[in-house]
Amino acid sequence: MRRSSTLLLAVATFALAGCTAASGVVSGFASPSAGSGAGPGPNSEDDAKEADLSARVTIAGSGDLLSHAAVLRSAQQYAGAAGGYNFAPMFAQVAPILKKADLAICHMETPLTSTNTRLTQSGILVFNTPHEIADAIRTTGWEGCDFASNHTWDQGLAGLADTISVFKAAKIAYAGAGATAQQPQIVAHYSANGLRIAQFGYSYTVYNDWGPNTTLPKEAPWMGESLWPATGAEGILRDAKQAKADGADVVVISLHWGNQYETEPNADQVALAKKLLASPDVDLILGTHVHVVQPCEQINGKFVFYGLGNFLSNQSPQVDATLRPETQEGMIAEVTLDRDEAGKITQAANYLPTKVNLVGHVVEPATARTNPVTFDRVTKTLASRGCKLTPITP
């Protein structure tokens, strides 16, 4: 599908969904007036009969952007100048796919730094990625990212604030925890093809702890609003319901969850997905964290991708013999949401497996012809819970 020229990225609305004017925070969507043509709201029976709500939007989601020290060295080599970083060549082969979607969103695993200080070091699981990756994200075709991650607190509260500022400066929408009590949760807002989309991000932890927990920093207790073990399905559904009330036609939930390196979703993932997709207020779930591709499932006609794998990283059995080959693999999930004249939305999905070439850390499409091993493995994994998907041909 050709990207719509009418897509409006609401970068200026780095706001908490559902806040009223009294809070001093403006909602990401303008409320459509009755009969204005801006959205649902016919003011008579005749208008209701004539209103055509049909619209279509294609959303592309991808997995972890996890910049290990080796990835940073490749970015330095591409930049060709001391102190510079260029991540764009790593995404060059997948950029055309992402740009074809009406909306492309990514998952940022690590903090970003505006000063390129305290950068990621080899062998230390505390990350900080140069701000140049944000420029590459934008030029590659992603309009927004979530930063709901077990590395959210790697650089503390100042690092979280810096990450948000880097996204904002690059005009990339951000979904995840806010850096102040006044803006505790940030929701990404988009508009494409007449449909308004809200994206939320929730992690299983704030600190890099093992397993879902509710431990919060004393200086940032509001981060519980973006922590799914703390807010629960009920809290996420409240957020989604408010987003719909504020004007969203589609709500995307990005979830950091699951057991690392395990292909099968765990009981928490399955239970949470069922609760969320039972609601009319949640339309799509994009999962990250486990560093391997996990299955897709359709629940009530809506998709959950339990794990999108590693889109960019240095993980591989070539680097660490204890790692599975699957850690070098990721995917693009492309979900088309079709709203008919009556306002009912149906979904269909495509997929493109990917693999990181460790030479230069280039993200390569893995097709049945170019990489049959990865293609077959990802295809079988995705289909293992009954998901019916169509492979994308680059």
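The values are calculated or read from the model by the stated rules, or taken from the named source; none is laboratory data. Keep in mind it's a predicted model, so treat the numbers as computed, not measured. Cβ: placed from backbone, ideal geometry, glycine included. Neighbour counts: every protein chain shown.
Can you tell me which residue in segment 72-104 is surrounded by the most Cβ atoms within 10 Å (Cβ to Cβ), limited to those that are among the hydrophobic types (A, V, I, L, M, F, W, C), part of a helix (DSSP H, G or I) and out of contact with any helix residue (DSSP H, G or I) (no Cβ under 8 Å at 6 or more places or on another chain)? Quick ask: steps written out before the conclusion?
Going through segment 72-104, the residues among the hydrophobic types (A, V, I, L, M, F, W, C) turn out to be 72, 75, 79, 81-82, 87-88, 90-92, 94-95, 97-98, 101, 103-104.
From what is left, the residues that are part of a helix (DSSP H, G or I) are 72, 75, 79, 88, 90-91, 95, 97-98.
In the following step, the residues that additionally are out of contact with any helix residue (DSSP H, G or I) (no Cβ under 8 Å at 6 or more places or on another chain) were identified as 72, 97.
Numbers: LEU72: 25, ILE97: 22.
Here the answer is LEU72.
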Can you find even one residue in segment 287-296 that is more than 17 Å from the chain's Cα centre (by Cα) and of a type in the set (Ser, Thr, Tyr)? no
So is THR381 farther than 22 Å from THR110 by Cα, β-branched (Val, Ile, Thr), surrounded by fewer than 13 Cβ atoms within 10 Å (Cβ to Cβ) and touching a residue at least 12 places away in the same chain (Cβ under 8 Å) or not? no
Just for segment 105-151: of the residues that are modelled with pLDDT under 95 and hydrophobic (A, V, I, L, M, F, W, C), which one is surrounded by the fewest Cβ atoms within 10 Å (Cβ to Cβ)? ILE124
Pairs only if they're at least six apart or on different chains, beta carbon under 7 angstrom, first in segment 170-190 and part of a strand (DSSP E or B), second modelled with pLDDT under 95 and among the polar types (S, T, N, Q); list them, first residue then second. HIS189/THR13
With the requirement that a residue be of a type in the set (Gly, Ala, Ser), over 28 Å from ASN266 (Cβ atoms) and not in a strand (DSSP E or B), what does segment 191-214 give you? GLY194
Can you tell me which condition VAL250 does not meet? The list is (1) of a type outside the set (Gly, Ala, Ser); (2) surrounded by fewer than 24 Cβ atoms within 10 Å (Cβ to Cβ); (3) more than 30 Å from ARG377 (Cβ to Cβ); (4) in contact (Cβ under 8 Å) with a residue 60 or more places away in the chain, and all the others hold. (2)
From the list PRO394, PRO317, PRO365, which residue is without any contact (Cβ under 8 Å) to a residue 40 or more places away in the chain and either touching a Pro at 6+ places or on another chain (Cβ under 7 Å) or buried (at least 19 other Cβ atoms within 10 Å of the Cβ) (or both)? PRO317
Can you work out which of the residues in segment 253-278 that are polar (S, T, N, Q) and touching a strand residue (DSSP E or B) at 6+ places or on another chain (Cβ under 9 Å) is surrounded by the fewest Cβ atoms within 10 Å (Cβ to Cβ)? THR263
Of all residues in segment 33-75, which are of a type in the set (Asp, Glu) and modelled with pLDDT of 95 or more? ASP64
Looking at segment 320-361 only, could you name the residues that are under 20 Å from PRO372 (Cα atoms), buried (at least 19 other Cβ atoms within 10 Å of the Cβ) and among the aliphatic types (A, V, I, L, M)? MET331, ILE332, ALA333, LEU352, VAL356
Could you run through segment 224-235 and say how many residues are surrounded by 24 or more Cβ atoms within 10 Å (Cβ to Cβ) and assigned to a helix (DSSP H, G or I)? 2
